[in-house]
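The values are calculated or read from the model by the stated rules, or taken from the named source; none is laboratory data. Model, not experiment: these values are computed from the prediction. As a convention, Cβ positions derive from the backbone with ideal geometry for all residues, glycine included, and neighbour counts pool all protein chains shown. Ligands, DNA and RNA are excluded from the accessible area calculation, which covers all protein heavy atoms including side chains. Shrake-Rupley method; radii C 1.70, N 1.55, O 1.52, S 1.80 Å.
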Amino acid sequence: MKKANEEVVGESPKVKPVILCGGSGTRLWPLSTPDVPKQFRSLVGDESMLKMTVSRLESVENSPVGFTRPLVVGSARHAKHLQKALPDADMILEPFGRNSAPAIAAACLDSEMDDYLLVLPSDHHIGRPSEFLQAISIAIEAAREGTIVTFGINPTSASSSYGYIQAGEADLEYKPVLRFVEKPDRELAEKYLAEGNFFWNAGIFMFKTSAMTGALARHAPDLFETIKNMAELREKDSSWYLDPSLFATVEDISIDFAVMEREENVSVVPVSMDWSDVGGYQALREVLANSPEAVVTSGPAIVEDANRVYLRSEGPLVCATGIENLTVVASDETVFIAPLDDAFAAKKLGRLANENRIRASLSSATKNSAKRLLSDALNVWAGLAWDDVRSGFIEQLNIEGHADVSETRRVRVQARQVFSFARAIHLGTPERAACEKLVRDGVQHLNSKCKHPSGGWVHQISAKGEIVDDTRDLYDHAFVILAGVTAFQALDFRDALNMAEEAIDYIDQNLADADFGGYFESSKNVGIRRSNPHMHLLEAYLAMYQVTGADEYLDRASTIVGLFERYFFDPEANTLREYFELDWSPAADGRGDLFEPGHHYEWATLLKIHDDLTGRDTLSWRRRLIRTADALGVNESTTFSYNLLGKHGEIVDENSRIWHQLERFRAYLHHPGMVTPNAADTLFHRIKGAFFDRAPHGTWIDECGVSGKPISTQIPASILYHVVTALEPAAQDLSVSA
């Protein structure tokens, strides 16, 4: 018996459709969102773009091509959408986007070497499927010869919105590809149109699996080998979930750059099939319009005296008159208005809307109060935090708000204060001069009194600047990195960035665990490990990437997220483990079952920031972190989070420190859809009343007891870091004194 795709002389082989479904459709915001991107929306018909992509392959009677069950490569974040749209399809699910080359490599390794694969974007429009099917039958003949085939759209205009393919001369219906050209300017596009042998690049491909795997092995060997290793480890079923930690090491690159532009044996099949990539609202209107000046409406809309308009409402009745060349889209939550021909307006405004949605979820009273609170704290601590006599930042104030200059000083607190005052500069504080001096003096202090003679930073120094504990601690170094890069961002202070880079080099050379991954706790290699220092290292690496733009730091951050997914999070209890043995198994002395609600919230925020930067999807983890902390970790009588619990909700420490509450507030700001309306407002005012209003001006109560009464006897300086990170998103700027 022959295999499904085994060739028989005189027969046309069946083709396996591979649907690439990982796009986010940012140019069609707010119709297309990260949770429901455009391929899952019905934009040009009654079916979703994804469903139409598959349906059109079966829509032509007496089709010259037969197809097998499709294979979809998409985001694990959208698994439910994919299964609903195509319940009979095989699936490869990515933990985050890595462009088309890794996706196609995975599809090849999920197929037989003799299979014929047709790679299709999930969100394109093809108005004449019969012409497309005829072009596929031509492509099969080229693929029989071992060539990789791409489809070139006969251009209808000198568009600068698409890449181009230059074809050579040939008597066959498929032509050799001479070169691929990036999106040209208008003048060059007109030249291509006149020459007649240039075609729009539709990003659709046909090949035998063996041809593409050979090309990947030649031109992208590291990428191909990593995906191959993942394929060998997979469990054989209809859905293949790519391993996040391995996938994070794969290069983010398109198939065009990885293979097509380097491969010699490539052909193009020209085709006219009424094609559009539906890459923006102008393209969407053109697909739906019956004339160049047409007004296209969808949903409850009334439009008069208008031309060249796309108007869609998915909520309120929208009425307009006397308008032209406009896009108007109303969703349940957002109204978007922009020039129709501004292809980047939706992407730009969508990003700005997401950035400002944090503040938009708060009342004006909360935003103003948060700004005053943050401004007061920075102003007071700018005057009290530095020890002018001995140099260095103090560890704490007494409960009356006076500096305690005698207490031993932790190096992490020195670094946290540098970070806090650097962020104050970034926010536009009126006290810039004072904060700038504190940042520069703080970096100099870290690089002198706090350094170990053999490298790295010590753990504690005395009030006189003498080393008390020379341990080189991972947690401390994470904050040295964060302080350095934040000071560099605020002041372009190269010494600060050098400090951050030196701290990274130290932990790489002295604390990295080559056997089990991650880092050891300290230079003394104690027999216990914690997730918390790794969380702050994640925070530091994210900051390094955001400031320097170096991909290395984002890759480092992603590696730590992989540790979270593999070891730190307990999916059965939905809790974050704090303590581990050296092999990352839960600590055997009972500490392996403990969790701190504040760390749940803190991880949720950092994972959200990481997702926004990488496209990785940790929404399920973040939801479970917040919901567990809310369900098990809150004192019902005070409404504040406990300090410490067992994984089943057993209360281990019934008191409530302020940092747990601030991290809870910050997590709510970054996840407004996970909490009830006004939850962040309510929580803020409760925190303010219990922890700030009872303390000396500009300071805080560190800890309240089970009844809600203050029990702390000092005001720790370390909390300024939490005040800044929690209130900054609400305050946004400090440029005008509150």
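In the stretch 547-605, the alpha-carbon atoms span a convex hull of 100 Å³ per residue.
With +1 assigned to the C-beta of every Lys and Arg and -1 to the C-beta of every Asp and Glu, and no other charges, what is the dipole magnitude of the stretch 634-738 about the Cα centre in debye, to the nearest 20? Could you put the intermediate results ahead of the total?
On the way: 8 positive and 11 negative charges, 15 e Å.
For the stretch 634-738, the charge dipole is close to 80 debye.
For the stretch 499-504, backbone phi angles converted through the Karplus equation (6.51, -1.76, 1.60; θ = phi - 60°) give residue-by-residue couplings of 4, 4, 5, 5, 5, 5 Hz, Gly and Pro being listed as x. The lysines whose alpha-carbon is closer than 18 Å to the alpha-carbon of Lys84, local same-chain residues fewer than 8 away aside, are Lys38, Lys51.
Per-atom-type breakdown for the chain gives carbon and sulfur 46% of the accessible area (1.4 Å probe, protein chains only).
Annotation: the antiparallel percentage among DSSP beta bridges lying fully within the chain is about 55. Arg77 exposes around 80 Å² of accessible area when a 1.4 Å probe is run over every protein chain in place. Here the simple spin-label model places points 7 Å from the Cα toward Cβ, and for Val706 and Ala365 these points are separated by 3.3 nm. Compared with the dominant Cα axis of the chain, that is its longest principal axis, helix 100-109 is turned about 70°. Restricting the calculation to Cα atoms, the stretch 57-202 shows an Rg/Rh of 0.98 when the hydrodynamic-style radius is the Kirkwood one.
Sites listed here are chymotrypsin sites (Phe, Trp or Tyr not before Pro) in the stretch 348-446 whose DSSP assignment is loop and whose Cβ has at most 11 other Cβ atoms within 10 Å, and the list is empty.
Surface analysis of the chain yields an accessible area of 41 Å² per residue, using protein heavy atoms and a 1.4 Å probe.
Accessible area ranking (1.4 Å probe, heavy atoms, ligands and nucleic acids excluded), largest first, for Lys709, Lys208: Lys709, Lys208. Positive end of the dipole of the chain (Cβ unit charges, origin at the Cα centre): among Trp200, Leu86, Ala338, the Cα lying farthest that way belongs to Ala338.
As a ratio to 2.2 N^0.38 Å, the alpha-carbon radius of gyration for the stretch 652-738 is 1.12. Ranked by solvent-accessible area (1.4 Å probe, protein heavy atoms only, all chains present), the residues Thr486, Thr639 order from largest to smallest as Thr639, Thr486. Beyond 35 Å, how much of the Cα-Cα pair distribution for the chain remains, as a whole percent? Of all Cα-Cα distances in the chain, 53 percent exceed 35 Å. Can you bin the stretch 138-288 into rounded, prolate or oblate? Criterion: square roots of the alpha carbon gyration tensor eigenvalues sorted a ≥ b ≥ c, rounded for a/c under 1.5, prolate for a/b above b/c, oblate for the rest. The shape class here is prolate. Each Cα pair under 8 Å and six or more residues apart adds its separation to the average, and for the stretch 274-365 the resulting relative contact order is 18 percent. Note on Lys647: accessible area is roughly 50 Å² with a 1.4 Å probe, heavy atoms of protein only. For Ser161 and Val652, a Förster radius of 60 Å and the Cβ-Cβ distance give a FRET efficiency of 0.50, rounded to the nearest 0.05. Given +1 at the Cβ of Lys and Arg, -1 at the Cβ of Asp and Glu and no other charges, the dipole of the chain around its Cα centre is 1520 debye to the nearest 20. Largest to smallest in accessible area, the residues Val652, Val405, Val119 fall in the order Val652, Val405, Val119 (1.4 Å probe, all protein chains included). Rounded to the nearest 10 square angstrom, Thr213 shows an accessible area of 10 square angstrom against a 1.4 Å probe.
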